[in-house]
Each structure stands twice: as structure tokens, then as C-alpha cells.
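The numbers here are math on the coordinates, done by the rules we state, and not lab data. Predicted model only: the values in this text are computed from it and were never measured. Every residue, glycine as well, gets a Cβ built from its backbone with ideal geometry; the counts of neighbours run over all protein chains shown.
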Amino acid sequence: MSASLERPGADAILSDLNPSQREAVEHGDGPLLVVAGPGSGKTRVITRRVARLVRAGVRPWRVLAITFTNKAAGEMRERIARLLEGERETNVYVSTFHSFCARMLRRYGAPSRGFAQDYTIYDEDDQRAAVRQALAEANLEAKQWKPGSVLSEISAAKNRMEGPDERDQQAIGYADRTIARVYRIYERLLAEWKALDFDDLLLEMVKLLREREDVRAELADRFRYVLVDEFQDTNRPQYEIARMIAAHGNLCVVGDVDQSVYGWRGADIGNILEFERDHPGCRVVRLETNYRSTKRILEAACSLIAHNVRRIENPLSTPNEEGEALRLVACLNDDEEARFVARSIERTIREDDVAPGEIAVFYRTNALSRKVEQELLARGIAYAVIGALAFYERKEVKDVLAYLRILGNPGDEPSVIRALHSPPRGVGATSVEKLRARAKERGLTLAQATVDPEAQTALAGKALRGLKEFGELLETISLLAAQRAPLRQMLDEIVDRSRYTDALRESRDPQDRARVENVHALLDAAEEFDRQQGHAGDLREFLDHIALLTDVDRTRTGPDRVNLMTFHAAKGLEFDEVYMIGLEEGMLPLVRELEAQDLEEERRLCYVAITRARKRLSLTYARVRRYFGMDRTGRPSSFLSEIPDGLLERGSPEIAYGPSDRLKAYARLDGWARERPALAAAPAPAAPASARADRASGAGPDPALRPLPSYAPSAGGFGDAGLSQGTRVEHPHFGAGEIVGLRGHGLAQRVKVRFDSGAEKELVAHYANLRRAAP
DNA sequence: GTGGCATAGCTTTTT
DNA sequence: GCTATGCCAC
């Protein structure tokens, strides 16, 4: 690279920094903790600090910067390169923890896999399949032991760095010991298949650093400076890794306790609190000026988060202007909410000339995106949903990738079976068992058996023909792989020879057509990867790359698309205009059936979402929401009452989206006025509340934040009306219970009742012979 | 062994 | 309301 005439020197690196930012950037050697509130310029601090180190003579490849997503890594790499324009080298190592570990384990081997380098990374789908098999081997019913929850138990244990033995010792009672037992089998299966799950990548790295002094020394020597972003979201193993590599003490961590929202994933706020203890004499810099949001938005966020007890006081201020009031919009139901959001977005784009990419809609659970999507679609507004249906997790994509995974690691049995079934070749479960038995006899792996003429004789007829076909294809692509053929060529071979897309293409189902498109998108992605790496991309790197992409990484966003995402996915991003929807008690904070909820984490989540907004923030909730195909009546989130009233402007959807709808809005306010006294004044049991009346009697803008009286039926028994959520009922057989959901109308109306016995049943109201019970 | 249909269960968040 | 699973018929 030729030396540029304009080399941004120390001046450019330190320009327009406030005193604390400057302090963090200029800090020399030794541990540094940067407490960075939202919008306080922490990315700027990290990039400038790295640039300053390099300018001071540190070779860029001696700096390791860890980010939360690959996208953030890419952006950071770019920003650093820009700051270092003119330097000979700018190749700072910027990566996520998981990608970094995967790379190192490929180089040095995974300790628990006999230091093998040809391991496969298992995603959640693969993990669940492994748990299912482990359950089967333990003779446990998948119905009773849900693979998903067993898996999260296993993952939680791994995050605490407990193996099956430790988990067993901690176990209390049968259920707990069973989980330890399944965990042990799960570990054995993954070892057999030479697979590592996401948690393993971190644990194996810890192990590698602990067991191999030479590797630890090599990495510590290479990476003289280690920086970790979003430190509040690191878990135990991640912290261990950072600490071991930064044994020289040049560890800089940046985080904010108030933005920790991954506690459920094992993230440990304690890491931040412990950092000072683990690093005596560490420098602490606080960034307390927010450059992102208006005063009103920031104040709303600060008032909310002040309700948390487990936090460190961190006063934030902003030089920005007051800004608009936050809009708090009460909707009758989710349809109206979606319509409001879409119309308001449409207006903003058209009248305020805001780029769609500067607008975002946030929600607590993915399920809430659908209605908004429909409304945006109906208005022809382009949007991107982040994280909904991850491309690489789709069945057709995984089917085709299974072939490549076999090449990367022939021990990966589930991939062998998956490829064998894609498309169906007449080789079913029984045939696979026969083949597996024969493979075992002859000391072969399943993959080897599929191409071994002798082993193939375990099958006959249609199954044998299918197996041979598969074996030949496998041999062809193995040969291509050995010749280091481009990935695109291998995938073409797989798709053509297996005729995977043939049946799909002929199908009448439009979804199948979309599947064909997805397969082609995969082929294009492979070709792109080939190009990036020269002629042919490295197979394992390609597979790692795919496995470690985050939702944010793999979604096509852009200036022309409105962004839809969960509160979690919003972390680290910012937008001019933000809509937070579904702000009902139960949705946010979200109540879960089994696990205890962490109210403070839910509040932090709300805080993170609010602080993403630069200029304008709209908060919406719906009186009635269809969830699980059932109408649920809710009241506004208690978090809303933690925002000072003076910052909010309450409105109905019509009023909020413009004067043209005034008439309609007045008509409706009239309706509210009639209903309101009954709502507010009546003692709970007497309030009129048929399912239909419920729907009509939306919470008015004013009494909305007051907890609404619980809805109880009118006097008398039940016909086809008089049922509502929260009603206490008695069933001749099941006993007393409470209505938790309603669906349908008239004779077809069904009610979901949670009985005091704990059982939940859905009953047809007309036939169920329910009686109203005393509360 | 496969594909169709019915039904149960589900949705918290993600590397 | 959707989908993944389970059962049944071919």
C-alpha cells in the first residue's frame, strides 16, 4: 500500500473525544475497565484505542479485539483500517469469542477430541437431535423429557463449567440425576461424532489453554493487547479465555451492567464486578455522556433503569436537544397495533423523509413480528426481519450442507444419515440400522460403510440401489474435495446428482419453490466464498463460517428496509425512529410458565430497547392480543408506569397517525367515555365482561396505566357469553380453575382453563358444563 | 419405507 | 396460528 499524503496522526485519533473517552484511549499498559453507558461512544473508544496502540508502534496483529457479532467485528475492522490509513499493516485480529476459539481449535486441536482438527460445529438443531438420541439410548420418553429443556440444562451446566460428573454430584432428586445421565450420553455421542457444540468451543479453548502451556504462552506472546467489547455479556469460560491470553495484564474490557441481557445464556454480570477485584490497580473510566438520544428518550430510559437494585449508579446526560415526547399508544388489539405502526412508518418515510433503514420495530418475542409484517407488506414498505427464520437453519439448506459436512468430518454420523435421506432413497431407519451393525462388525465408520462394497451387501433390493447411488455420489465429491475443487462445484455436483431439487421444483406447493430458491442461494453463497478465498474456498472454514454467523450477520438489511427485530437483537444498534410493540404485562416483562423470571433483566432489556432510539420513540400495547391462536386480554406493562408521565404523550392509534382520522377517533373516544365509568368504578366482580364486550371496551388513553380491574363474568351461568379471562370456574370432573384463554365464538367457543390441580385443559364452552366459582 | 393426515404443543431471548 | 411429531394407509 502506498503511503498516503494525509496520514491521520495522533491528532486525528484524539480529536473530538471528551476527557473520559480520551483517558480510555490514551491509557497505556495494564488492565482497563471502561464503563460505557448507551450511546457514549464506546466503539469509538475501542477503535481509537487500537489505532493509537498501532501508531505507538504495536504491530496490529498483536492486538486481539473481541466483539459480540461477526458483523460488529467486520465494522470494527473497517473503522480501524480507516483510522490507520497509510500504515503498512492494519490487520488487527477482530473476532467473536466463538469464531476465535473455532479458529484456534482448528489450529491446535480440541483437547477432548484427542486434539483432532477435523471436528464439526453443531448448531442448536444438531444439538437437539443429539439430545433426542441420548434420550432414546437412556430409554426415556421424549414426551416427558423435552429435548429442548434437557438441552438448556446441559448448556447451563457447561456455562458453569460442570461436566457430567460434577452435574451428577450437584443433582438433587431423580429428575436432576436423569439430566446428568442424559448429559453424559450426550457428551459421549458428540465425542464419537467428533462434534463440538457452541459451548464446547469455549470450554475446549479453556482446556487447551490450561493443558498446553506452550499454546498459552504462544498466544499470550502474540496478543500483547486484548480488548473485549460487551463485557457484561461474557460468561465464565469467555472471561477465563480472555484472562489467560492477557496474562501480561493488558486487558481492556468495555461494558455496562445495565445492558446485560444474556443472563439466561450464562452471561455473568459478576464478571464486571469481579474485574476490579481480579485486577488490582486497574484503571476505571466511566463514559457518561450520551451522544445518541434526545433528552426525553434518555430520561425515560434512566428513570426506568433506576428501579433496578442490582446495579451500579451511572448517571447519564446528553448535550442533545429535548426532542419530542415519547408516544404511548393504546390499541384495542394487535391488528390495530400493527396497522398503527405500519401507517405511522409510512407517514414518516413519506412526510419526514426518513430512510426506511433508520426505522426499527422491536418486540419481545419473534411471534409478534407477523402482524406488523403483514401490514408493511400490504403497504409495499420493504422490511428485513432479523433472526426469524435463519437461512442456514432451513431444512433444505442443512440437507445439502450435510454432504459437505461428511467430507469435513466423516465421523459425523447424523450428517451421514441426513444426507442419505436427502432426497429419500428408499433407505429407511431399519436399513440404516443394518448398515450400522455391519459397519461395526467390520470396524468401519458409517460413512465408510456407505461406500464399501462389502458392507453394502447388508442391504438388498431398493434399499441397496439407493445406498449405491449415495455411495457413488459421496465418492465423487470426496475426489473433488481431495483435488481442492471449488465449493460451488461440489455443491453443484451434490444438487445435480442427487436430484435434490427435482421433486421440489415440480411441487405445486409455493413453499417448495422457495426451497429451491434457498438451495440456489446457498450455491451462490459458496461461490462468493470461493471467490473471497481465491479459486476454491476452504471447506472447513466455509462450514465454520456458516455455523457461527449470528442472526444480525445473516440478515440482509439496508438503507431501504425497515428493520424488525427482538429486543435482544437490537443490542448494539441504533435508529432514528423506534417502535416498541407488545408492551403488555406478561409480554414485557415476559412471564414464563416454569422458569422463574428475572424482573431486573427484563427491565434492562426494555432499557436497551429504549436507548436504541435517536430521535423518536413510540411505545404501543394492545388490550387484546391473539397469542397461540387465543385471545388474551392484557394490561399495560408495569414498566410503562416507571417512565415519568411528563415525558409521554398518550394517544389512540387514530389520533397518533393523523388528522385525517380525527372523526373516527372522536367516535371512538365517545365509546370509551361511555365505557370508562363502568371499567373504573365498578367493583371487579360486577364489571360487564363478555368476551365480546372485552374486545370493545379498550382501555382509554387515560386510565390505561392504572391496573385494570380484573375481568369477571356477569352473574349467572354460562351460555355462549359471559366468559372471560381470569374467571374462576368449576368443572364437574376437573374441579375449580381459572380461565386463561379464549378462542372462537358462539357454540364453537373454546376456553382454556388452568385447574387448581395444575392441569390445563381446553374445553368447548357450550358442552363443558362449567359453573362460575367463587374467587 | 414413505407420504398423507391429524393433533399436540408451542414461542423467550442466541453464540 | 403454525409446525413438528405421530400414526396410519399404501
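Please give the Cα centre distance for segment A:315-363 versus segment A:612-632, rounded to the nearest Å.
12
Could you list the square roots of 5 times each eigenvalue of the Cα gyration tensor of segment A:143-226, that is, the equivalent ellipsoid semi-axes, sorted largest first and rounded to whole Å?
They are 31, 13, 11 Å, listed largest first.
List, in order, the whole-Hz ³J(HN,Hα) value for each residue of segment A:29-41 obtained from phi through the Karplus relation with A = 6.51, B = -1.76, C = 1.60 and θ = phi - 60°; use x for Gly and Pro.
7, x, x, 9, 10, 10, 8, 10, x, x, x, 8, x
Can you pull the percent of Cα pairs in segment A:310-469 with separation above 24 Å?
60
Order by neighbour count: A:372, A:285, fewest other Cβ atoms within 10 Å first, most last.
Exposure proxy ranking, most exposed first: A:285, A:372.
Quick one: Debye curve from the C-alpha atoms of segment A:76-144, no solvent, what's log10 I(q)/I(0) at q = 0.13, 0.20, 0.21, 0.29 Å⁻¹?
-0.64, -0.91, -0.94, -1.16
If the limit is 30 Å between Cα atoms, which of A:398/A:462; A:146/A:468; A:295/A:371; A:158/A:395; A:395/A:615; A:71/A:194 go over it?
The answer is A:146/A:468; A:295/A:371; A:395/A:615.
Can you give me the Cα centroid spacing of segment A:209-265 and segment A:94-132 in angstrom?
Going from one Cα centre to the other spans 18 Å.
Taking only the Cα atoms of segment A:318-411, how large is their convex hull per residue, in Å³?
200
Treat each spin label as a single point 7 Å out from the Cα along the C-beta direction, and report the residue A:217 to residue A:160 distance in nm.
About 3.6 nm separates the two model spin labels.
Please compute the length gained on full extension between residue A:351 and residue A:484, using 0.36 nm multiplied by the number of residues separating them and subtracting their Cα-Cα distance.
Computed gain between residue A:351 and residue A:484 is 42.4 nm.
Just need the Rg to Rh number for segment A:110-151, please, alpha carbons only, Kirkwood Rh.
1.11
If you look at just the Cα atoms of segment A:408-476, how large are its Rg and its Dmax in Å?
Here Rg and the maximum Cα pair distance are 10.5, 30 Å.
Could you calculate the contour length gain from residue A:308 to residue A:128, that is, 0.36 nm times the residue separation minus the distance between their Cα atoms, to one decimal place in nm?
Value of the extension gain: 61.3 nm.
Per 5 Å bin, what percent of the C-alpha pairs of segment A:246-308 does each bin hold, from zero upward?
3, 12, 20, 20, 18, 15, 7, 3, 1
Calculate the translational D of segment A:1-146 in whole µm² s⁻¹ from Stokes-Einstein, where the hydrodynamic radius comes from the Kirkwood formula applied to all Cα pairs, the temperature is 20 °C and the viscosity 1.002 mPa s.
Taking Rh from Cα pairs, D becomes 115 µm²/s.
If every alpha-carbon in segment A:362-421 counts as one equal scatterer, what log10 I(q)/I(0) does Debye give at q = 0.12, 0.28 1/Å?
Normalising to I(0) and taking log10 leaves -0.50, -1.12.
Between residue A:61 and residue A:14, what is the spin-label point distance in nm, taking each point 7 Å from the Cα along the Cα→C-beta axis?
It works out to 3.0 nm between the two label points.
I need the Debye-formula profile for segment A:307-364: one equal scatterer per C-alpha, no solvent, reported as log10 I(q)/I(0) at q = 0.13, 0.31 1/Å, two decimals.
-0.59, -1.29
Based on the Kirkwood radius over alpha-carbon pairs, what is the Stokes-Einstein translational diffusion coefficient of segment A:169-217 at 37 °C with 0.692 mPa s viscosity, in µm²/s?
259
Using 0.36 nm per residue of separation minus the Cα-Cα distance, give me the extension gain between residue A:499 and residue A:265 in nm, one decimal.
So the chain would gain 80.2 nm between residue A:499 and residue A:265.
At 7 Å along Cα-to-Cβ for each site, give me the label-to-label distance between residue A:395 and residue A:136 in nm.
Each label point lies 7 Å from its Cα, and together they span 1.7 nm.
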